[in-house]
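I have placed the structure first, in the form of C-alpha cells, so that the comments after it can refer back to it.
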Amino acid sequence: MFAKTYGAATLGVNGVLIDAEVDVSNGFPGFDIVGLLDTAVKESKERVRTAIKNSGVTLRQQKVTINLAPADIRKDSPGLDLPIAVGLLIAYGVLPQKAAEGSLFAAELSLEGELRGVRGILPMAVHAREQGISRFFVARENANEALLVDGLEVYAVTNLAELIAVLSGRKQIAPAKASEVPPQEAPFGAEDFSDVEGQFFAKRAMEIAAAGGHNVLLAGVPGAGKTMLARRLPTILPAMTREEALEVTKIYSIAGLLHQGSGLMTERPFRSPHHTTSAAALIGGGSVPRPGEVTLSHNGVLFLDELPEFGKTVLEVLRQPLEDGKVTVARVNATLTFPARMLLVAAMNPCPCGWNGDSRHACNCTPSEIKRYTRRISGPLLDRIDLHIRMPRVEYKDLSSEKKGERSAAIRERVTAARERQTARLKGYPIYCNAQMSHAMLETMCPLNQGAKALLEAVFKKMDLSARSYDRIIKVARTIADLDGSEGLQERHVAEAIQLRNDIGLESN
C-alpha cells in the first residue's frame, strides 16, 4: 500500500516542505530510505521502527521503500522521523488514509516513542501556512514557537501512541493556545549606560551609532571601557518591530539557539565571538550551510573585541555583509543567502602593548610595530566603519563622582525618535535607517547648506577621502541632524561627523 505525508526541513533561513512517500509491498523484507539523506535521517529508520514497536504497534515484515522528495534538497533534520512514522502506519493500514490530510508533522522520535523538539520549527510553520497546510503536529517543547504563526492549528503531542490515538479518532485534543507562550526576559536588564563613568565623547558616538545604524571602531588603552560600552549598546537601540523579531527568531530557531519552550525573541541579539573564530563560523557555512555570527547578530550588534587579533581572512569576509546586509554561501547542492544587517562594534588597543598615547604608562612599541599592528585592519574594511573613536583612560574624578551618567532609557527615547524620523523619510524603500542609504539617495535625503558643503569639500581634499568615506560622513551627519530635530544638514552636523570619522587617525591605513 502507498501513503504520503508531509514533513519539513530548512533551507537557509526558510522552511521547505518534504513529501514522505511510503510504499509497503510483498517481497524480500527490507527498509530503505532514499532522497539525498544526511546521517541523522539515514539513522531514522532504526528510531522509527523501534518507536512504533514500543508504542504498542506490531508491523509485519515486508518490503518498505520511503522516498523523501524533492530529491535535490539535502535532508538533515531528525524532525522527519514523525512524518516517516505516520506514513508507515498509514501504509500498513494502522491509520486511515485521510489521517494526514492537510497536516504537517515535525518531531524527532525517541526509542520509546516520545516526541522530541527539533530546530527550525518557526520557518517550517511559516512555509506550511503559505502552502495551505492547516494543522501542524509538533513536540510540546516546540509548540510556543509554532504558535507564532497565525492561521495554523498547532497540536502539541507527547508521544507517538498519543498521536496514533488522535489520528485514528480514538482521542480528541485541543489545539495549543497562543496564551501559553511565556514572556521573554530582557538579557540586558542589569546593564545600563549610567554605569559607564566619563567617556562622554564615546557615549555620544554610541548614541549616534544606535540612532543611524552606524558601525563603530573603539580604540583605547586597556580598561578604558570599550567592552563595557559595547555591551550596553543594545540597551539604547529601538525596540524591534514584530517583523524584525520574527526574522531573528527564525534565525535562532534554525541555529538551534532558542531556549526550550520559548516564543518570540523580543530583545536585539548581541554576539561577541572570540578572536580565534574561523571565517566559516563568522560568516556561516558547512556542507549544509548554517548561519554564522554575522547572521546571528542580524537586527542586533556584532562585537569584535581585539579586532587586530582576528585573522586577516576572517576580517575580510566581513566586507560583503557590511556593504550589502546579507551573506551568500555557495555550495555544490545550493547557493543560500542569509540576512546580516547588523551593527558592528569593534574594539582595539592603539598598539601591541596597549599604552600608546597614554599619559601614565610608557609605550614600549616601536613605530614599525605600531604600524604593523594597525595595518592588520585593511583599508577597505576600515572604510566600511563609519565612526572611529579614541577612548582615553578614565580619570579618578570620574570614577569617584557621585553624579551618575544618563540612563539608557533616556538615551533610547532620543534614539527611537530619530529612527522614527528616518522611517518616515525612508518610507517606500526596503531600508530602515540612515546607514543603509545608497549613494543615489543622499542628494534628496541629505540636503547640505552652503557652509556644510564648503567644509566637506575642504576636508575631502585635505584628508584624501574615498568616495565611500564621503558617503558615510554625510550619512552620519544626517543621523546627527535627526537627533537634533533638523531637516537640513548644517555645518555643525558635518563637523561632528568628520570628527567622529577620524578621531583615531587610521583613515590612510
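The values are calculated or read from the model by the stated rules, or taken from the named source; none is laboratory data. The model shown is predicted, which means the values in this text are computed figures rather than measured ones. When we count neighbours, we look across all protein chains shown, and the Cβ atoms used for this are built from the backbone with ideal geometry, even at glycine. Quick note on the areas: whole protein, heavy atoms, side chains included, nothing else; ligands and nucleic acids left out. Shrake-Rupley method; radii C 1.70, N 1.55, O 1.52, S 1.80 Å.
Structural remarks
- Using a Förster distance of 30 Å, the FRET efficiency for Asp19-His275 (Cβ separation, nearest 0.05): 0.10
- Portion, in percent, of the accessible area of segment 208-249 that falls on carbon or sulfur, probe 1.4 Å: 55 percent
- Debye, to nearest 20: dipole size of segment 212-342, +1 on Lys, Arg Cβ, -1 on Asp, Glu Cβ: 120 debye
- Cross-link reach is defined here as a Cα-Cα straight distance under 18 Å, omitting same-chain residues fewer than 8 places apart; for Lys371 the aspartates and glutamates meeting it are Glu306, Glu309, Asp358, Asp383, Asp503, Glu507.
- Pairwise label distance in nanometres, Leu399 with Ala458, each label 7 Å out on the Cα-Cβ vector: 4.1 nm
- With θ taken as phi - 60° and the Karplus curve 6.51 cos²θ - 1.76 cosθ + 1.60 applied, the whole-hertz 3J(HN,Hα) list for segment 429-436 is 9, x, 9, 9, 8, 4, 4, 8 Hz, x standing for glycine and proline.
- Its Cα centre serving as origin, segment 1-159 has a Cβ charge dipole (Lys and Arg +1, Asp and Glu -1) of approximately 380 debye.
- Amide H partners (placed H, <5 Å) of Arg290, local residues excluded: Gly285
- Local charge for Lys63 was computed over the other residues whose Cβ lies under 10 Å away, with Lys and Arg +1 and Asp and Glu -1, and equals -2.
- Extents of segment 14-78, taken as max minus min of Cα coordinates on every principal axis and listed largest first, are 37, 25, 18 Å.
- Amide H contacts under 5 Å for Ala340, placed H, 5+ residues apart: Lys326, Val327
- log10 of Debye I(q)/I(0), alpha-carbon scatterers only, for segment 228-385 at 0.09, 0.17 Å⁻¹: -0.35, -1.03
- Protection proxy ranking of 384-396, 275-287, by the mean of other Cβ atoms within 10 Å over each peptide's residues and highest first, is 384-396, 275-287.
- With the convex hull drawn over the C-alpha atoms of segment 34-177, the volume per residue is 105 Å³.
- Alpha-carbon centroid distance for the pair segment 234-293 / segment 77-106, whole angstrom: 32 Å
- Cross-link reach is defined here as a Cα-Cα straight distance under 28 Å, omitting same-chain residues fewer than 8 places apart; for Lys427 the lysines meeting it are Lys250, Lys326, Lys453, Lys475.
- The chain - accessible surface per residue (Å², probe 1.4 Å): 44 Å²
- Radius 12 Å from Cβ of Glu420, net charge of other residues (Lys, Arg +1; Asp, Glu -1): +3
- Mean Kyte hydropathy of -0.5 or more with a Cα span along the axis of at least 24 Å, helices from DSSP in the chain: 467-484
- Scattering profile of the chain at q = 0.07, 0.08, 0.10 Å⁻¹ [log10 I(q)/I(0), Debye over alpha-carbon scatterers]: -0.49, -0.61, -0.83
- For Asp23, net neighbour charge (Lys/Arg +1, Asp/Glu -1) across residues whose Cβ lies under 11 Å away: 0
- Normalised by the number of residues in segment 1-41, the average gap of Cα pairs under 8 Å and 6 or more apart makes the relative contact order 35 percent.
- Dipole magnitude of the chain, debye to nearest 20 (Cβ charges: Lys/Arg +1, Asp/Glu -1, about Cα centre): 340 debye
- Using R0 = 30 Å, the C-beta based FRET efficiency linking Gln172 and Thr39 works out to 0.20.
- Fully extending the segment from Arg468 to Ala71 would add 138.4 nm, taking 0.36 nm per residue of separation and subtracting the current Cα-Cα distance.
- Per residue, the chain reaches -10000 deg cm²/dmol at 222 nm when only DSSP H runs of four or more residues are counted, each adding -39500 (n - 2.57).
- Carbon and sulfur %, accessible surface of segment 1-155 computed with the full protein complex present, 1.4 Å: 47 percent
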